[in-house]
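The values are calculated or read from the model by the stated rules, or taken from the named source; none is laboratory data. This is a predicted model, so every value here is computed, not measured. FYI the Cβ positions are ideal-geometry reconstructions off the backbone, even for glycines, and counts take in every protein chain you see.
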Amino acid sequence: MSNNEEMLKEKPESLRELAHCTTLHGVRFLAEKNVFRRIFWAACLLGATSFCVLQVKEAVEYFRSRPFSTVITIKKETKISFPEVTICNMNSIHTGKYSRQVKRLFPNTTDREIEDDISYMSRSFRVNFDSTIKTGNVSQLNRIRVMLRNLTSISYGIDDILLPKELLSCTWAGKTCGAQNFKAFYDSKSFQCFTFQPSESEVGMAGISQGLQLKMNVGTDWYLPNSYEPFVGQKVVVHPSGEYPQLDPYALLIAPGIHTSCAVRRIQFINLGTPYQTNCGEEELKYVNRGKYSYSRVVCIEDCFYKILVDRCHCKTIEMSGDLPLCLDDVQTNCILALAENMTKVDSYLKCVNSCRESCKNSLYKTKLSTAKLNSKTMANDLDDICKLKNQRLSVCEEIQNKSHMEKIQFVR
């Protein structure tokens with residue numbers, strides 16, 4: 001018989017020998033002769049094993065929940081990404097430009113008829129549109145529709161908003177800027193807005209000297225009476241470059257006659273995709289122009305509203321893409337108002353909103369305003385001198401040309 005066969009036939013180790021030789025602490029005491037000692041160590045091992053199993057179970061469950069953590073780091077940037085700034089006058093229609101355009105396109109229109117047009121549009125801004133407005137005649141409605149289809153000719157242009165360049169009406173990072181640095185943006189409330197796009201995307205340091213400084217004309221003399229929003233001023237929103245400007249609820253309201261300084265702080269968010277709870281990504285948009293703006297959840301929600309609007313009212317607002325007709329007549333306007341009041345009750349809208357995912361990387365700009373009173377007398381004198389010296393046919397010069405000195409000071413206020 002070989003040695004290997006003899007080893008196989010040897011008696012296997014007893015449980016006692018295994019317990020004494022194992023490296024697991026406490027197991028060897030289970031083989032002791034003392035019953036109480038064996039019971040004590042058995043209880044200890046059982047408790048430790050149960051605790052170990054519980055810990056493993058919790059660790060596995062935590063891992064399967066796809067946990068994530070928020071990490072906040074503060075670091076000094078050598079270059080600071082400059083945001084885009086969108087400006088909208090709180091008045092949608094420039095009544096002076098409307099009057100001039102009507103006379104150009106409809107030469108036989110009287111001043112009285114133009115006043116009636118303005119009165120009709122003014123009443124249309126009231127909350128109870130259907131109960132307060134009297135339907136206009138065919139020629140009046142035709143004029144208004146034609147004018148509203150050419151919004152750039154009847155709303156505020158960037159040259160109407162900026163004061164003369166001699167007053168340094170636009171400076172950025174210490175450099176002179178102007179109308180060429182602004183891109184038109186259309187909004188259903190303000191009609192034509194403008195987004196400032198700097199010549200360079202970054203600045204070397206923070207501070208007023210590296211920021212955007214504007215001197216703007218509100219143009220209150222040409223305001224369309226609006227009972228729905230009887231306010232005067234500019235709406236300003238600071239947003240990431242290439243992102244859709246969200247005027248509601250992020251717009252800052254800037255009053256005339258006030259020097260307003262805006263401190264900006266950028267917060268950047270990086271979200272994770274599947275299988276994490278953030279589940280970031282992009283949804284297909286139908287009525288928001290993706291060629292002009294980057295994706296965000298807010299834009300997706302806006303697109304959800306547009307989808308319901310087209311489905312219910314069969315028209316589009318001015319900022320929507322597509323070949324649908326603009327919502328201009330009374331029925332369509334009433335449809336939009338009713339839809340806006342009951343959006344939270346529309347199941348298809350809520351379902352669409354819930355399907356909108358967060359983008360994987362986005363930024364938010366937090367703002368803080370501080371104000372100072374404008375020296376109206378100095379500004380009025382400067383405006384008067386520039387308009388006389390240059391004989392400029394600017395919007396602001398036309399507004400003050402027939403005013404007395406005190407009226408000009410009051411105008412600047």
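From (1) under 25 Å from the mean Cα position of the chain (by Cα); (2) modelled with pLDDT under 80; (3) in a helix (DSSP H, G or I); (4) among the β-branched types (Val, Ile, Thr), pick out the condition that doesn't hold for Val353. (2) is the only condition that Val353 fails.
Meeting the requirement of 2 or more residues that are out of contact with any Gly (no Cβ under 8 Å at 6 or more places or on another chain), within 22 Å of Ala173 (Cα to Cα) and in contact (Cβ under 8 Å) with a residue 24 or more places away in the chain, the strands (runs of 3 or more DSSP E) wholly within region 199-303 are 212-214, 234-239, 258-270. Starting from region 329-343, keep only residues that are in the same structural domain as Cys315 (by the TED database) and touching a residue at least 40 places away in the same chain (Cβ under 8 Å), then list their pairs with residues that are surrounded by 15 or more Cβ atoms within 10 Å (Cβ to Cβ) and in a helix (DSSP H, G or I) whose Cβ atoms are within a distance under 7 Å, requiring at least 6 positions of separation or different chains. These pairs meet every condition: Thr333/Phe129; Asn334/Phe129; Leu337/Phe129. Each residue in region 358-411 was checked for being aromatic (Phe, Trp, Tyr) and either surrounded by fewer than 17 Cβ atoms within 10 Å (Cβ to Cβ) or over 37 Å from the mean Cα position of the chain (by Cα) (or both), and 0 pass.
Condition check: within 26 Å of Leu252 (Cα to Cα), modelled with pLDDT under 85 and of a type in the set (Gly, Ala, Ser). Does Ala380 satisfy that? Taking the combined requirement at face value, the residue satisfies it.
Yes/no per residue for (1) closer than 19 Å to Gln192 by Cα; (2) buried (at least 17 other Cβ atoms within 10 Å of the Cβ); (3) not polar (S, T, N, Q):
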{"position": "Glu243", "(1), (2), (3)": "yes, yes, yes"}
{"position": "Thr278", "(1), (2), (3)": "no, no, no"}
{"position": "Asp303", "(1), (2), (3)": "no, yes, yes"}
{"position": "Leu309", "(1), (2), (3)": "no, yes, yes"}
{"position": "Thr317", "(1), (2), (3)": "yes, yes, no"}
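Examine region 180-187 for a residue that is at pLDDT 85 or above, surrounded by fewer than 18 Cβ atoms within 10 Å (Cβ to Cβ), charged (D, E, K, R) and under 25 Å from the mean Cα position of the chain (by Cα), and state whether such a residue exists. Yes, that holds for at least one residue.
To keep it simple, each residue is scored yes or no on (1) touching a strand residue (DSSP E or B) at 6+ places or on another chain (Cβ under 7 Å); (2) over 22 Å from Ser261 (Cβ atoms); (3) surrounded by fewer than 20 Cβ atoms within 10 Å (Cβ to Cβ).
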{"site": "Leu162", "(1), (2), (3)": "yes, no, no"}
{"site": "Ala173", "(1), (2), (3)": "yes, no, yes"}
{"site": "Lys189", "(1), (2), (3)": "no, yes, yes"}
{"site": "Phe196", "(1), (2), (3)": "yes, no, no"}
{"site": "Gln213", "(1), (2), (3)": "yes, no, yes"}
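For the condition part of a helix (DSSP H, G or I), in contact (Cβ under 8 Å) with a residue 12 or more places away in the chain, over 30 Å from Asn137 (Cβ atoms) and among the hydroxyl-bearing types (Ser, Thr, Tyr), Tyr306 qualifies.
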